[in-house]
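The structure under discussion appears below in the form of structure tokens.
The values are calculated or read from the model by the stated rules, or taken from the named source; none is laboratory data. All values derive from a computational prediction rather than experimental measurement. Glycine also receives a Cβ, built like all others from the backbone with ideal geometry; neighbour counts cover every protein chain displayed.
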Amino acid sequence: MADCKEGMPPVVRFAPSPTGYLHVGGARTALFNFLFARHHGGRFILRIEDTDQKRYQPEALAEIFTSLKWLGLQWDEGPEAGGESGPYFQSQRTALYRRHAEELLAAGKAYRCFCSEERLASLRVEQEKVKMAQGSGYDRHCRCLGEAEIQALLAANTPHVVRLQVPDHRSVAFHDLIRGDITYDSAQLDDLVLLKSDGFPTYHLANVVDDHRMGITHVLRGDEWIASTPKHILIYEAFSWAPPIFAHMPVILAPDGGKLSKRRGAASVLDYQRAGFLPEALLNFLALLGWAPGGDREIMTLDEMVAAFTLERVQAKAAVFDETKLEWMNGVYLQGRSVDSLLPDVRSLWEKAGLPPPALADEDYLKKVISLFKERSRKVGDIAANSLYFFSDPQAYEEPAARKHFKAEALPLFDAILPALAGLQPFNHDALEGLYRRLAAELGIPAGRLIHPTRLAASGVSFGPGLF
RNA sequence: GGCCCGUUCGUCUAUCGGUUAGGACACAAGAUUUUCAUUCUUGGAAGAGGGGUUCGACUCCCCUACGGGCUGCCA
């Protein structure tokens, strides 16, 4: 019901971390944020969460931008687009996070922790031994350090982090727009780290500070964040800020039910682009993973999705990425594309397949070939790959078909066809068909006996557009 | 181990207490077609299990099972 706070247009963000390519799960999260913002006349912000120095990959950033643009998910604010709440790279906002951490320190809501990584590691080992019977996580060792002690450690330049002081036994509740009310006991929560020893904020701090400062009203993110949400609520409370509304999206799984990855179902958005999928098809397919407009509607433009989109209709259940259905849907969109709009892509695929430029000089001819193959293709790549024999003689003949049609009995048939073909005037569709039908009738055989061997000889394959 | 989330055809889903549980993809069969594809027709295919609540549960509640997430100075 209350998708929005009364009347105020929502502000949402997609906040990827540049640690790898943009996968289809991320793209779907971006899409839902986009749809939600557009549906309610709000804003869609792109923010880059590059606070992990160790996992940062420079190429990932370009991939994310390219992927979102290819899909047509234009952000209203963010890198390249600008906006009032910038900068939109968290790595450029570290002073801000540090200031906020200091604020919490001063208010006694956070504390410095000087524990070494070794101590924490052995702590975890110990807890594992006792099966984590009672409570897990940090043992709050540094909570009760005296002021003098702290000053001494600081003076000695001891590396340290800043941790949030989590209240003892408190119920922390929030309402998830997709899953309803969710409640945690704060005793379950760790005194989480806000500021790392390298001075960078953790995801939790940066995320909360930015969502607040950027005026984010709705946080729509993957459901792996559910368990972190109570921590975030506690941080909002420590700052005395009102938390945004949360909605956690279901995950997208590989066909085998496992996690989506490079080996299982591509995963990268750009892989789908390279594989010859159309952005509008991928978008439409992704929208239907976890959301349905109701009724039997499936094929929708982005605008139609915007008009129909509501979070109440988003499912809580994980969805399997069924590439077969994506292919079908891509075929539907491919049929709707004009030959002209396909020409540049197909031409470059032909070039990649090794066709020499002169062969591709006649644009009208190229368009004719594309229109011939478009209707029997599902992906852009199919058009290029299956039509090569229109530019060069076949290099090989399809095996089972060759055995079937190139039998000894077929030789006399070719003897009859070849001279007739050579003399055919004019050489066009109707004349050819007339010739074959007439020949077949004279020989007293079905036309197919003539047609199939000819097709195979000319194209090397047994399928494709009609011979004539 | 603890906490949290989830569970309708093989897959994506509709259903918001009363339906012969609908659609789509995939699959199978048939028709059309010189092949393939398209198109058309037809078919099989589902409420995890057990308890409640109710005149009546796929729908609401509880338990179990199974799947997933979190339990990091990763996001």
- Query: Would a scan of region A:256-276 turn up a residue that is near RNA strand B (Cβ under 8 Å from one of its atoms) and within 30 Å of A:L61 (Cβ to Cβ)?
  - Reply: yes
- Do you know which residues across region A:303-331 are within 9 Å of RNA strand B (Cβ to nearest atom), within 18 Å of A:I178 (Cα to Cα) and crowded, with 16+ Cβ neighbours inside 10 Å? A:V314, A:A319
- Query: Which one is farthest from A:L372 (Cα to Cα) among residues in region A:422-442 that are away from RNA strand B (no atom under 12 Å from the Cβ) and surrounded by 14 or more Cβ atoms within 10 Å (Cβ to Cβ)?
  - Reply: A:L439
- Assess whether A:E128 counts as being within 14 Å of RNA strand B (Cβ to nearest atom) and either surrounded by fewer than 10 Cβ atoms within 10 Å (Cβ to Cβ) or of a type outside the set (S, T, Y) (or both). yes
- Message: With the structure loaded, tell me whether A:A152 is within 13 Å of RNA strand B (Cβ to nearest atom), surrounded by fewer than 16 Cβ atoms within 10 Å (Cβ to Cβ), free of Cβ contacts under 8 Å to residues at least 24 places away in the same chain and over 23 Å from A:S17 (Cβ atoms) or whether it fails that test.
- Response: no
- Task: Could you check A:I216 against (1) β-branched (V, I, T); (2) more than 8 Å from RNA strand B (Cβ to nearest atom); (3) surrounded by fewer than 20 Cβ atoms within 10 Å (Cβ to Cβ) and say which number it fails?
- Result: (3)
- Query: Just to be sure, is A:A173 out of contact with any Cys (no Cβ under 6 Å at 6 or more places or on another chain), modelled with pLDDT of 90 or more and within 12 Å of RNA strand B (Cβ to nearest atom)?
  - Reply: yes
- Message: Against the definition (within 14 Å of RNA strand B (Cβ to nearest atom), outside any strand (DSSP E or B), free of Cβ contacts under 8 Å to residues at least 40 places away in the same chain and not charged (D, E, K, R)), how does A:G294 come out, yes or no?
- Response: yes
- Just checking, how many residues over region A:174-208 are more than 28 Å from A:T94 (Cα to Cα) and either under 31 Å from the mean Cα position of the chain (by Cα) or crowded, with 19+ Cβ neighbours inside 10 Å (or both)? 11
- Going through (1) in a loop (DSSP other than H, G, I, E, B); (2) in contact with an Asp or Glu (Cβ under 9 Å, 6 or more places away or on another chain); (3) within 12 Å of RNA strand B (Cβ to nearest atom) one by one, A:N284 fails only at (1)
- Task: Grab the strands (runs of 3 or more DSSP E) fully contained in region A:172-247, keeping just those with 1 or more residues being without any contact (Cβ under 8 Å) to a residue 24 or more places away in the chain and out of contact with any helix residue (DSSP H, G or I) (no Cβ under 8 Å at 6 or more places or on another chain).
- Result: A:180-185
- Query: How do the pairs read when you match residues in region A:297-323 that are touching a residue at least 24 places away in the same chain (Cβ under 8 Å) with residues anywhere that are among the basic types (K, R) and within 11 Å of RNA strand B (Cβ to nearest atom), using Cβ under 7 Å and keeping only pairs 6 or more apart or on different chains?
  - Reply: A:A316/A:R179
